[in-house]
Every structure is written in structure tokens, then in C-alpha cells.
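For reference, the structure is listed below as C-alpha cells.
The values are calculated or read from the model by the stated rules, or taken from the named source; none is laboratory data. Just so it is clear, the model here is predicted, and its values are computed rather than measured. Cβ coordinates were reconstructed from backbone atoms using ideal geometry, including for glycine residues, and neighbour counts include every protein chain displayed. Please note that ligands, DNA and RNA were not included when accessible areas were found on the heavy atoms of the full protein model with its side chains. Shrake-Rupley method; radii C 1.70, N 1.55, O 1.52, S 1.80 Å.
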Amino acid sequence: MSSRTQSCAVLVVGGGPAGLSAAATAAAHGLSTLLVDERPSLGGQIHRQPGPGFRVTDARRLGRDYRRGLELVEEAARAGAGLRTQTGVVALRSSHAVCFEEPAAGGGGGSGEIFEVKAEQVVLAPGAHDRPVAFPGWTLPGVLTAGGAQALLKASRVVPGNRVAFAGSGPLALAFPAQLRHYGVNVVLALEAGPGPGLRQVASLVAAGHGNESLLADGLRYRVQLARWHVPLRYRRIVVRAEGDGRVEAVVHAAVDSSWNPVPGSEETLAVDTLCVGYGFVPSNELFRLAGCAQRYDEDLGGPIVEVDEWQRTSVPGVLAAGDGTGVRGAPVAVDQGVLAGLGAAAALGAVSPSTAEGLAAPARRRLAAKERFRKALLSMYAVGPGVYRLTTPGTVICRCEEVTRRHLDEALASTADLNVVKSYTRAGMGLCQGRNCQRQIAALVAERAGGAGAGGDGGDGRTGRAGGIAAVEPTTARPPVRPVPLGAIADDSIRDEGLFVRD
Amino acid sequence: MTEPARHGVGRPLLLPSAADLAAPLPSESDVVIVGGGLAGCAVAYYLAKSGVEVAVVERGELNREASGTNAGSFHFQIAIHQLSGASTSEDRARLLLDARLHAAAAEHWYELEDELGCDLGVHQTGGLMLAETPEQAQVLRDKQVIEHEAGLETELLSAAELRAGAPYLAEDLAGATYCDREGHANPLLAAPAFAARAIEAGAVVRTHAGVESVHHLKDAGGAARFAVRTSAGTIRAARLVNAAGAWAAELAAMSGLALPVRSEGLHVNVTEPREHVLTPMLQHIGRRLTLKQAANGTFIIGGGWPARPEAPPARYSVRWDSAAGNAAVALRVMPMLADVRVTHMWTGVMTFVDDLTPIIGEFERLPGYFMCLATTGFTLGPLVARSLAEAMTGKGPVALPAAYAPERVPSLSGSHPG
Ligand SMILES: Cc1cc2nc3c(=O)[nH]c(=O)nc-3n(C[C@H](O)[C@H](O)[C@H](O)COP(=O)(O)OP(=O)(O)OC[C@H]3O[C@@H](n4cnc5c(N)ncnc54)[C@H](O)[C@@H]3O)c2cc1C
Ligand SMILES: Cc1cc2nc3c(=O)[nH]c(=O)nc-3n(C[C@H](O)[C@H](O)[C@H](O)COP(=O)(O)OP(=O)(O)OC[C@H]3O[C@@H](n4cnc5c(N)ncnc54)[C@H](O)[C@@H]3O)c2cc1C
């Protein structure tokens, strides 16, 4: 074991709403708690605080998402949790984590530092990233993901483009163009792949709405805002390709059927200089996979999601999970799951009695149950259609890191249905993003060949993970490092190689 | 930055079709080969090419074990793991034999792309064996004498010559030997290419057919001597080739045979691509290191650091300490890599024959039962597979050396270091 090891009772990975509330809860019970987040600022996806170098002069102008984030950060700090940014967990084995602290920006910090944390309990709250969707032209400069555009706005205050189209789906499809517009971006078109809200859906949302009033209000607010700003909002349409010479100059969009398959003859072209794509989010599950936590598949929650019990405990002892990483359900759910995970860890370490923990958990559990009813009602509107994985042509680059086209993948897929083997034949997934952007798409290609079930299976089977579809395709072997790490940080001279065959 | 060459771009892959790999297993075949790694696929190719009826059974996917997880290097210089430290005359004879075999394997590899008619990423880059201390420099001089005697030309470089010729290395190394025959190929493509050509020549290659038991048919009357029960059905064969790599001993045990082998999980690091700086492959004579820059600009760093065994079907997992120790040796010899980021780590299971000499040939005790197993089996695989196939068809110019016989065993003992 290396000299660079420290220990704590609870390690929390991820400084979004889930991680911050888990850390606050665990620390409030007197447990030595360390929270690490690989980004330069805390708050996670929606509550992201401005990056280093920005000083907040008027908190009101940054909006309530920012203020809520600040509250969560301050609460965790007050409870006594250690908070470290620019520190990512790059390897994990049960509750022992290898952390990589990046060098301070600009300040000759060398390669950064590796240190190991031996925790008794670890709460994984890594959040989610944009569901990657490949279509002709998706790699053109000027095509951004919603999360990427949002990060630009929140952390760096950069506004993308002069004529921006948004295409996507899900509860956030309205929020996102509204947010862009709020930051002064000229949004010329917003497309939602799902249907417009019919009377029946509205009725079921309202019926499920008790305890969800603010989410309902949000949905309404975004729609009103878009209308007021004259942003055309069109339902049941997706972008089928982006065109341009060296950069996006136009988008071609088309009507889709209920499986999101484009309807022939419905194409329209619009000149834009930026396209934001947001087909929902998929859990960042590489740490769960490394730890060996049991998972199940649910496309509407983002795909492979980690199984947790009533205390957010995974199948691996000492490893808990909270937030979007357990299925994409939004920030309020993330906060409450964080509370449960914090209590679960505290109970496991004897810092709180089971009955007290149960009492403290009750309000969070009530809110979570209400949110779950609402989510199920939303599903009927926003179910991900398998057509979204069928937009590529043979020339479309699917793995952008290694520049692997679908044609090349098809050659490999003619030989094997094993993702690990496809990866070794084509190098798809071997690049810097480590497969985060291409593996789902390749799994959909495998599923398509295996029976035409496609992404979700048109019958919905793959979507809920019962049989067939992407759900049935085994992911590639999980390996560290979860993020690229410089050799200089990894190297440890104290580990010698005497004797050719060392065993643990 | 030079545009990294990405394999496959605009060039069709030579791969067997999924339909062929899933075809029903025949009930009989002259030869059945167990194992779809480089050894098994190459033996199948050379046998099928000579018109022998042959079927390969692989329990998983092709090329997923050692043959697809190694670093793809052809190391011909005598390396750290081959030096027992005992320096007896027996030892010397073994090293001589080994050096000759490796020299022949080099010739074979450099003809292989023509033979198979496809791109296997073969590059003859030359290789440096580095010494950090004066004692290690002496080991280099000693091993070079043996290499010379075996006909493997290596050049001794002083510390100053090394600095001049390889300015990208640490300045304070003690010297090196250089062998221009060394190089590498793409381990991800070689075995599948052999399999595809074997199928074209009439071989059956069946994946997801794991051997569960081997029955010996004493008085069957016909030619079949073995009934091999697999998860995809039973196949009878007159001859069996054990090419099961790290599981060769397990398979041999099904026939009551013992093999003097051990398996170790090994660690490999690979980095992001960088501008091309390093042409020769690097090894270290005193510490565990192999380091090279692949054609796509990535650095592949290994050298025998251990991985953690896991219960199947899980693959051996990464020990972070191995990554850290391996990286430290790499930076000791090439400090300029400090800011290059590692993007992936993987593990593979390597078989070590106790006397470090390949086991190639037929068991006298069990006629019809053949072995094809080597420690540095990526380098040696194609050559020893051809030699075995030639011996099995009786056509070969090469009679297999007695030193490779499966039953040389009694004298074998744990002469490996550590
Ligand atoms: C564009 C957009 C708009 C949204 N709008 C809304 C909305 O209006 N209402 C709503 O309820 N929700 C919204 N959401 C969803 C909301 O952001 C998430 O549900 C919420 O942030 C989930 O919280 P979390 O803590 O699980 O994850 P996150 O907030 O994503 O935080 C995860 C953190 O973990 C860190 N991390 C990940 N991996 C590692 C690692 N290996 N090591 C160290 N750190 C790591 C990340 O850097 C990140 O900071 C929106 C999301 C997006 C992207
Ligand atoms: C990390 C690492 C680095 C290496 N570096 C080098 C190097 O640089 N140069 C070099 O020359 N060599 C190197 N080697 C060694 C080399 O990779 C191996 O010697 C060689 O690949 C062995 O090939 P094989 O076909 O015998 O075994 P394998 O490729 O392991 O194939 C054996 C196959 O048999 C199958 N099998 C096993 N049991 C059964 C059963 N019961 N039924 C059906 N199928 C079965 C397995 O699934 C497997 O696919 C390295 C090895 C490793 C692990």
C-alpha cells in the first residue's frame, strides 16, 4: 500500500445536490466526512457555482438554482464535511478510492496528485451526463450537448452562437431553451421529440401532482416564457442531420412517429450557427461498474442504473448511491436521496440508531414517493423512442475520439455481438472519453442486428429492461482510470518491483 | 502533430463472420483444437491449408484472453524473466535455444502480412534493453554473448552512445543493448485474421463452445480417439491440440496429464496519443518495464506487473499499486512522459512454463494429444503453430526439438526467479 493514503468514515463522490446533502447529513452525525468533486466548483449539474476567477456580486441575478446550490454547499461545510474540488475518483474497490487532484489551474502545479482514501462507507453521487445521440453531422463544430452548453453558461458565462436551435426531449426540453433564452441566447427553434401535452396527460400529471406543485409550475412557466419570447416550439420532431462546411450552418429536422422514427417527406431545413441537443441524461455509472454494484436497465431513467435499497445501499457492502447516478430524476429527488444515503451510512457506522434514522428519513421518503408518482405520469409523455438510435448513415462517425465510422463498426458487428470484441476490432471506445459517447450507440447497433428490437424495442421491452433491446447487451469491462490521469501523478517510487511475481 | 494512423480507416478488417463462428459443431473431425487464441487459430490455419480437417472450439469469443490482451511486442533479446540467476550450463543451453527460436520467429512475423494478405500492424522498430546501474550493464554484456552465439545480433551501447542516439531517455542510464530485429504487431487483429483464413481453407471455428470434458475412446474401432464434450455439443476427433493458454493445465488434467505451468495476471497501462517521439521499443534488464509508442501515438506500458485474480467469469482486476510502480519505472527511463495521461488500464493472464521453454509436440503417453503453449506466445505463436502443424502433417522440414517435448517434465522445477 502506498504512502499516500488517508482515511475517513464517509467518502462522498460528487458535489451535486445528492452528494452535498449526503455529506451534510453524515457530517451532522459526527462522522468524519470528505466530499470530492472533479470539477473546479461545487453544486453539480444544475446548481453549479461559478468557476474559480468569478466573483459573485449580485446573487439574485444568478437565479434561484445558483442560490439553492450555495445553500447546499454552506450546509455541508457548516456540518463539518471536508470539501475538495478538482479531485476526481479515478479508481474504486469497495469503499477504497483512488483520488486524483488536478493541479491548480495555471499555477505550475505539475501533474497533480494521487492519494488514496480508505473510507468505511462511500456514497457515490456522480450524477449524469447527456444521452449521446449520433446523427449525420453531430460532430460538426457548433453542435453542443445541453449539458455542455449549460456548463459554458454557468461556469464560464459564455453564450453560444447567434442563431441557436434546440432539439431534444424530456422534462428538461422546455427548461433548457428557456434557460438559454434567459441568458440572452437567440433561440430560433425548439424541438421536442415527444408529443405535446394532451388533455389526458395533463389530467394524469395533475392527479399525480400533489407534492409536485413546483415542478408543474416550472413546466408551465417555461412554456409561457418560450411563448412570450416567440421561440417556436414544435412537438414530435427531431433533428435528423446537421449540415455545414467545417461548422454547422443548417439543421434538417423531420416529424417522427411514436417510436421516434422520422416520417419520410416531412423534412425541413433551417439556417442556424449552433445546435444544442438534449435527449435527456444517462447516469454516469462507471464507478458503480468498477465497484461491481448490481444494475438494472431502464431507458427512461437513463439506461443502466444501479440498484439501491431503502437506505440507498447498493449490492456492494459499504457502497451507497444517490442522485441522478441512480436514475435521472432531478435535483429535488437527488437531495432527498442524499439525505437517505447520509443516514444509511451513519446508521451502518452506529452514529445514529435505526429508529432515529427511520424518523429522520420519513419526510424525505414522503417527498420521494410523491415525486415517483409524478415521474411515472411524465413517462407516458417523454418515453425515449428507439428511433433516436437509428439516425446514423454508414459514413457517420460514431466514436469521435478514435474517428470510427458506422461502416467500420458494421464490419466488426458482422463478426461479433460482444461489445468488448467490437471495441478491440475497431478501437471504438478506446479514446479519451472512454466510451461514454459511443458505447450506447454501438449497443443499439448490436441490439438492432440481434432482432431489430433497437434501442427500446418498439414494444417497449428494451425500454423497461425486461428483455431484448439495448438492455440485453453486456457493457464492456469496467476498468480504471475513470478519467485520464498523467503518468507523473500515478507514478509512485515507493512501490518496488523486486521479485517478479508479487501477490496481494 | 503527425496524424495518428488509425487502423481500419478505409481498410476492411479481416474477420471471420458471425455466422461461421456460430455454425453447428460437426460431430467428427480429424483434429480438434481447444482454444481460440493466437496459438489455436494459427495451428488451425496451417493445418487447414495443408488440407487437414480441423475444428477449433473456443469457450468465449476469439482472441479475448492472452492473445488479445498482450502488448503485441516481439522481444527477441534475452529478458529479465528469462534469466534465472542460476547461470548453469543447462541454463545457457536453454537460453541459446530460446534465442534461436526467437530469431526464427522474427523472420516469420515479418512475412506474415503477405502470407495472410492483410494488415496486422507489423512494424519493425528495433528495441532497446536498458540498464540503470553498472551491474545491470554487466548483465547486458553477458547476455549479449549468448545472443551472439545464437545468431541474434545485438549492439552494445555505452551510456554516452545511448544519450546521443536516444535523447528522449533519462540522461543517467548506464547503457543498453539494441536489437534491430525487434518490433511489434497489433494483437487485436492477428488471431482473428488467422481464424478468417483458416475458415476459408475449410476449418471450422466455433465460439461459445467451452470444453467440459475429454473422453478417451480406447476401442472405438474408427479413427476417433477423443470425444470432446463442449457446451455446444460433442465432437469426436483422432487428434487433439491443447491451445488453451492459461487454462492448458486445466484442460490437460481432464486427460490425466500434468503440465509444469503457472498463470499470472499482468497489468498494462495505455496513454493518450502524443506526437511521435519514440521509435524503438524499450525494456529494462533489471526492472519490470516494456514501453513503446504505437503507430497511433499512444504509449503502451507494461512489463509484468501483477493483476489481481478474480473468480471467473470476472476478468482479473487492476491493482493500482501495479499502475503506480509501472509508471514510476517508465518515468525513470523516460521522464518526459510525466504529463502524458493514462487513459486505460487492462489486465491479461499469461502462462509461464516453469522452465520458460515452449511446450510443443505430442504426448508419448497419450498419442494423438498435442500441446501448443509458449510463454512469449505472441512472438512465438505463429512460428510454433506452423512447426507443430508441419510435424502433425509429416511434411515439415522441422522436427520439433526434444527440448519442447511435453514429457521433458521430470527435470522441470521452479527455476523461475521470485
Ligand atoms: C441542462 C439541465 C437542466 C436541468 N434543469 C433541471 C430543472 O429545471 N429541474 C430539476 O429538478 N433538475 C434539472 N436538471 C437535473 C439536475 O441537474 C440533476 O437532477 C441534479 O443535478 C442531480 O444531482 P446529482 O447530485 O445527482 O448530480 P450532479 O448535479 O450531476 O452532480 C454530480 C457531480 O459529481 C461529480 N463527479 C462525477 N464523477 C465524479 C468522479 N469520478 N469523481 C469526482 N467527482 C465526480 C461531477 O463533477 C458533478 O459535479 C437539469 C440538468 C441539466 C443538465
Ligand atoms: C499482459 C500480457 C503481455 C504480454 N506481452 C507479450 C509480449 O509483448 N510478447 C509476447 O510474445 N508475448 C506476450 N504475452 C504472452 C502472449 O500473449 C501469450 O503467450 C499468447 O497470447 C498465448 O496465446 P494462446 O493462444 O496460447 O493463449 P490465449 O490467447 O490465452 O488463448 C487460449 C484460449 O483458450 C480458451 N480456452 C481455455 N480453456 C478452454 C476450454 N476448456 N474450452 C474452450 N476454450 C478454452 C480461452 O478462452 C482462450 O481464448 C503477454 C501476455 C500478457 C497477458
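Residues in segment B:283-292: is at least one open to solvent by 40 Å² or more (accessible area, probe 1.4 Å), outside any helix (DSSP H, G or I), of a type in the set (D, E, K, R) and within 14 Å of another protein chain (Cβ to nearest Cβ)? Give the steps one after another, and end with the answer.
Quick first cut of segment B:283-292, residues open to solvent by 40 Å² or more (accessible area, probe 1.4 Å) only: none.
The answer is no; no qualifying residue exists.
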Would you say A:Gly108 is at pLDDT below 85 and either of a type in the set (S, T, N, Q) or surrounded by fewer than 16 Cβ atoms within 10 Å (Cβ to Cβ) (or both)?
-> yes
Can we say B:Ala323 is in contact with a helix residue (DSSP H, G or I) (Cβ under 6 Å, 6 or more places away or on another chain), more than 16 Å from ligand 1 (Cβ to nearest atom) and outside any loop (DSSP other than H, G, I, E, B)?
-> yes
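With respect to A:Ile470, is the statement that it is at pLDDT below 90 and buried (at least 23 other Cβ atoms within 10 Å of the Cβ) true? Write out each step before concluding.
Working: at pLDDT below 90: yes; buried (at least 23 other Cβ atoms within 10 Å of the Cβ): yes.
Yes.
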Here are A:Arg67, A:Arg61, A:Arg55: which of them is modelled with pLDDT under 70, in a helix (DSSP H, G or I) and more than 10 Å from ligand 1 (Cβ to nearest atom)?
-> A:Arg61
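When you check B:Gly304 against the structure, is it within 15 Å of ligand 2 (Cβ to nearest atom), crowded, with 19+ Cβ neighbours inside 10 Å, more than 22 Å from A:Cys433 (Cβ to Cβ) and within 7 Å of chain A (Cβ to nearest Cβ), yes or no? Steps first, please.
Details: within 15 Å of ligand 2 (Cβ to nearest atom): yes; crowded, with 19+ Cβ neighbours inside 10 Å: yes; more than 22 Å from A:Cys433 (Cβ to Cβ): yes; within 7 Å of chain A (Cβ to nearest Cβ): yes.
When the stated conditions are applied, B:Gly304 passes them.
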Somewhere in segment A:146-160, is a residue in a strand (DSSP E or B), away from ligand 1 (no atom under 11 Å from the Cβ) and touching a Gly at 6+ places or on another chain (Cβ under 9 Å)?
-> no
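Enumerate the helices (runs of 4 or more DSSP H) found wholly within segment A:330-419, keeping only those where 2 or more residues are within 30 Å of A:Leu11 (Cα to Cα) and of a type outside the set (Ser, Thr, Tyr). Walk me through it before giving the result.
On the way: elements: A:331-348, A:354-382, A:406-413.
Because the criterion is at least 2 residues that are within 30 Å of A:Leu11 (Cα to Cα) and of a type outside the set (Ser, Thr, Tyr), the helices (runs of 4 or more DSSP H) in segment A:330-419 that meet it are A:331-348, A:354-382.
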Pick from segment A:111-136, criterion surrounded by 23 or more Cβ atoms within 10 Å (Cβ to Cβ) and small (Gly, Ala, Ser), ranking: farthest from ligand 1 (Cβ to nearest atom) | A:Ala134
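When you scan segment B:337-418 for strands (runs of 3 or more DSSP E) that lie fully inside it, which ones turn up with 2 or more residues that are modelled with pLDDT of 95 or more and within 16 Å of ligand 1 (Cβ to nearest atom)? I'd like the intermediate steps shown before the answer.
Details: elements: B:341-353, B:359-362, B:369-373.
Here the list reads B:341-353.
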Residues (of a type in the set (Asp, Glu) and either touching a Phe, Trp or Tyr at 6+ places or on another chain (Cβ under 9 Å) or buried (at least 24 other Cβ atoms within 10 Å of the Cβ) (or both)) located in segment A:296-332 | A:Glu299, A:Asp300, A:Asp324
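Working carefully through the options A:Ser2, A:Ser21, A:Ser32, find the one that is among the polar types (S, T, N, Q), at pLDDT 95 or above and touching a strand residue (DSSP E or B) at 6+ places or on another chain (Cβ under 8 Å).
Details: A:Ser2 fails: at pLDDT 95 or above; A:Ser21 fails: touching a strand residue (DSSP E or B) at 6+ places or on another chain (Cβ under 8 Å).
So the residue among A:Ser2, A:Ser21, A:Ser32 that is among the polar types (S, T, N, Q), at pLDDT 95 or above and touching a strand residue (DSSP E or B) at 6+ places or on another chain (Cβ under 8 Å) is A:Ser32.
Out of the residues in segment B:248-259 meeting the condition of being part of a helix (DSSP H, G or I) and surrounded by fewer than 20 Cβ atoms within 10 Å (Cβ to Cβ), tell me which one is farthest from ligand 1 (Cβ to nearest atom).
We begin by selecting, within segment B:248-259, every residue part of a helix (DSSP H, G or I); these are B:248-253.
Subset that is surrounded by fewer than 20 Cβ atoms within 10 Å (Cβ to Cβ): B:249-250, B:253.
On the way: B:Ala249: 40, B:Glu250: 38, B:Ala253: 43 Å.
Only one residue fits best here, namely B:Ala253.
Among the listed residues A:Cys276, A:Cys293, identify the single one that is on the phi < 0 side of the Ramachandran plot, more than 16 Å from ligand 2 (Cβ to nearest atom) and part of a strand (DSSP E or B). So that I can check it myself, show each step before the final result.
Details: A:Cys293 fails: part of a strand (DSSP E or B).
The conditions single out A:Cys276.
Scan segment A:335-365 for residues that are among the small types (Gly, Ala, Ser) and open to solvent by less than 10 Å² (accessible area, probe 1.4 Å) and report the count. Explain how you work it out, then say what you get.
To start, the set of residues in segment A:335-365 that are among the small types (Gly, Ala, Ser) comprises A:338, A:341-342, A:344-348, A:350-351, A:353, A:355, A:357, A:359, A:361-362, A:364.
With the extra rule that they be open to solvent by less than 10 Å² (accessible area, probe 1.4 Å), the set shrinks to A:338, A:341-342, A:344-346, A:357, A:361, A:364.
Qualifying residue count, segment A:335-365: 9.
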Return the residue satisfying two criteria in turn: it lies in segment B:346-363 and is in contact with a Gly (Cβ under 9 Å, 6 or more places away or on another chain) and not acidic (Asp, Glu), and of such residues it is nearest to B:Met392 (Cα to Cα).
-> B:Pro358
Tell me, please, whether a residue that is within 14 Å of chain A (Cβ to nearest Cβ), closer than 22 Å to B:Leu112 by Cα and either over 16 Å from the mean Cα position of the chain (by Cα) or within 16 Å of ligand 1 (Cβ to nearest atom) (or both) can be found in segment B:202-210.
-> yes
Picking from A:Val319, A:Val384, which residue would you name as being closer than 30 Å to A:Val187 by Cα, in contact with a helix residue (DSSP H, G or I) (Cβ under 9 Å, 6 or more places away or on another chain), touching a residue at least 40 places away in the same chain (Cβ under 8 Å) and β-branched (Val, Ile, Thr)?
-> A:Val384
Mind checking which pairs have a first residue in segment B:362-384 that is within 14 Å of chain A (Cβ to nearest Cβ) and a second that is more than 16 Å from ligand 1 (Cβ to nearest atom) and modelled with pLDDT under 95, Cβ under 6 Å, 6 or more apart or different chains?
-> B:Thr375/B:Phe352; B:Thr375/B:Val353; B:Thr375/B:Leu356
In the list B:Arg262, B:Arg236, B:Arg274, B:Arg229, which residue meets the criterion of being away from ligand 1 (no atom under 16 Å from the Cβ), part of a strand (DSSP E or B), open to solvent by 60 Å² or more (accessible area, probe 1.4 Å) and within 14 Å of another protein chain (Cβ to nearest Cβ)?
-> B:Arg262
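For (1) basic (Lys, Arg); (2) at pLDDT 95 or above; (3) open to solvent by less than 40 Å² (accessible area, probe 1.4 Å), each residue gets a yes or a no:
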position: B:Thr2; (1), (2), (3): no, no, no
position: B:Pro16; (1), (2), (3): no, yes, yes
position: B:Ala22; (1), (2), (3): no, yes, no
position: B:Asp30; (1), (2), (3): no, yes, no
position: B:Ala39; (1), (2), (3): no, yes, yes
position: B:Ala42; (1), (2), (3): no, yes, yes
position: B:Glu53; (1), (2), (3): no, yes, no
position: B:Arg59; (1), (2), (3): yes, yes, no
Here the residues within segment B:44-70 that are near ligand 2 (Cβ under 9 Å from one of its atoms), of a type in the set (D, E, K, R) and under 15 Å from B:Ile235 (Cβ atoms) are B:Glu58, B:Arg59
Could you grab the pairs with beta carbons closer than 7 Å, sequence gap of 6+ or different chains, first residue in segment B:326-338 and within 8 Å of chain A (Cβ to nearest Cβ), second one assigned to a helix (DSSP H, G or I) and open to solvent by 10 Å² or more (accessible area, probe 1.4 Å)?
-> B:Leu331/A:Gly488; B:Leu337/B:Leu331; B:Ala338/A:Gly488; B:Ala338/B:Leu331
